[in-house]
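So the structure is just underneath, and the comments pick up after that.
Here, each number is a calculation from the coordinates, and none is a lab measurement. Since we're looking at a predicted model, the values are computed, not measured. Note that each Cβ is placed from the backbone with ideal geometry, even for glycine, and that neighbours are counted across all protein chains shown.
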Amino acid sequence: MDKKRRPLLAANWKMYKTLSEMEKYLSSFLGLVAGIDDRDIMLAPNYTCLNRMVELLNGSNVKVAAQNMFYQDEGAFTGEISPKMLLDMGINTVIVGHSERRHIFHEDDELINQKIRSAISHEMKPIFCIGETLEEREAGKTSRVLEYQIRLGLKGLQNKDVPKIVVAYEPVWAIGTGKTASLEQIQEAHRLVRDMVGELAGEDIAEKLRILYGGSVKPANVKDIMSLDDVDGALVGGASLEPESFAKIVRFEEN
Ligand code: PGA
């Protein structure tokens, strides 16, 4: 494997799996990925699975991430979970700004920026999701939308903090639809994001930034997607729910 940046293969389980389903998954998944140490492997389960998962993965090569968090440490925010609470469980990575958070729960770029800043100030790693809708792509607005999301998302950050972020480019029209973006579309968007980050924070920093692709990644397409220059990993929903399927994605070059 000759990737410039250490690959990250992350599973976003969304609102799937009970505790017992999670334990059953791990009992098979850990064996399937045992000994792999040249890439980061990460699972983001729902909140009720987080604590137990941290215990079960202790000492393994698989890390745990949260799917979301609020930006305050504590307070009257019914239904929310804070960076302090995640850190208390031993979790220091969090997905921020997923398109389902943006579209179903109406999170805007300003709130997402507050979450990113909060994560950085707590020395947590945000996986910052961006991506255009089908309507925006068809109207030729993809680059404008990505630029806007990147600019607002990274607002107020110091340059040195930018490589602590992982960006996930997930075209909304490719999420959960079975429609993957073409290899050209993926490489073009990733290059665009890297160039924009280069303009904002400098080329050296942009070269260190990991950019994941997400949207209907599966064992059958992951190898080609991972072969693209500016793709450093994948954020996987549906195809991460079965251990065999996600293990094949983790071992992308063997497909
Ligand atoms: P999908 O989801 O792999 O099911 O398209 C990706 C995501 O939402 O992160």
### Task
Would you mind checking which residues have amide H under 5 Å from Val236's amide H? H placed 1.01 Å from N; only 5 or more apart, or other chain.
Ala10, Ala11, Asn12
### Message
Please rank Asp73, Asp109, fewest neighbouring Cβ atoms within 10 Å first, as an exposure proxy.
### Response
Asp73, Asp109
### Query
Which of Gln149, Tyr47, Gln187 sits farthest toward the positive end of the charge dipole of the chain, with +1 on the Cβ of Lys and Arg and -1 on the Cβ of Asp and Glu?
Tyr47
### Per DSSP, loop trypsin sites (Lys or Arg not before Pro) in segment 155-244 with at most 16 further Cβ within 10 Å
Lys155, Lys179
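Just flag the chymotrypsin sites (Phe, Trp or Tyr not before Pro) in segment 75-136 sitting in loop per DSSP whose Cβ has no more than 11 other Cβ atoms within 10 Å.
Counting only loop positions with at most 11 other Cβ atoms within 10 Å, the chymotrypsin sites (Phe, Trp or Tyr not before Pro) in segment 75-136 are Phe77, Phe105.
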### Task
Within 10 Å, count the other beta carbons around each residue, average over each peptide in 57-66, 111-120, 37-46, and list them highest first.
111-120, 37-46, 57-66
### Task
Quick one: which residues, 5+ away or cross-chain, put their amide H under 5 Å from the amide H of Thr177? H built at 1.01 Å from N.
Ser216
#### Entry: Leading residue at positive end of dipole, segment 8-250 (Cβ point charges), from Phe29, Ala174, Gln158
Phe29
#### Entry: 3J(HN,Hα) from dihedral phi, segment 76-83, Karplus parametrisation 6.51/-1.76/1.60, rounded to Hz, x for glycine, proline
7, 10, 3, x, 9, 10, 10, x
## Note on the structure
Given backbone amide H placed at 1.01 Å from N, residues whose amide H is under 5 Å from that of Glu170, ignoring those fewer than 5 places away on the same chain, are Ile130, Gly131, Gly214
### Query
Looking at this model, which pairs from Lys125/Lys248; Lys141/Lys248; Lys4/Lys63; Lys115/Lys179; Lys4/Lys248 are more than 31 angstrom apart at the alpha-carbon?
Lys141/Lys248
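Please sort by residue number the GluC sites (Glu not before Pro) in segment 1-107 whose DSSP state is loop and whose Cβ has at most 11 other Cβ atoms within 10 Å. Walk me through the numbers on the way to the answer.
On the way: sites: Glu21, Glu23, Glu55, Glu74, Glu80, Glu100, Glu107; in loops: Glu74, Glu80, Glu107.
Answer by residue number: Glu74.
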### Query
In whole Hz, what ³J(HN,Hα) sequence does segment 225-242 give by Karplus (6.51, -1.76, 1.60; θ = phi - 60°), x for Gly and Pro?
5, 5, 7, 6, 3, 9, 9, 10, x, 9, 10, 10, x, x, 7, 9, 7, 10
### Summary
Going residue by residue through segment 60-69, the Karplus relation 6.51 cos²θ - 1.76 cosθ + 1.60 with θ = phi - 60° gives ³J(HN,Hα) values, rounded to whole Hz and with x marking Gly or Pro, of 9, 8, 10, 9, 10, 10, 8, 8, 5, 7
### Summary
What the Cα atoms of segment 8-250 span along the principal axes, largest first and in whole Å, is 45, 45, 34
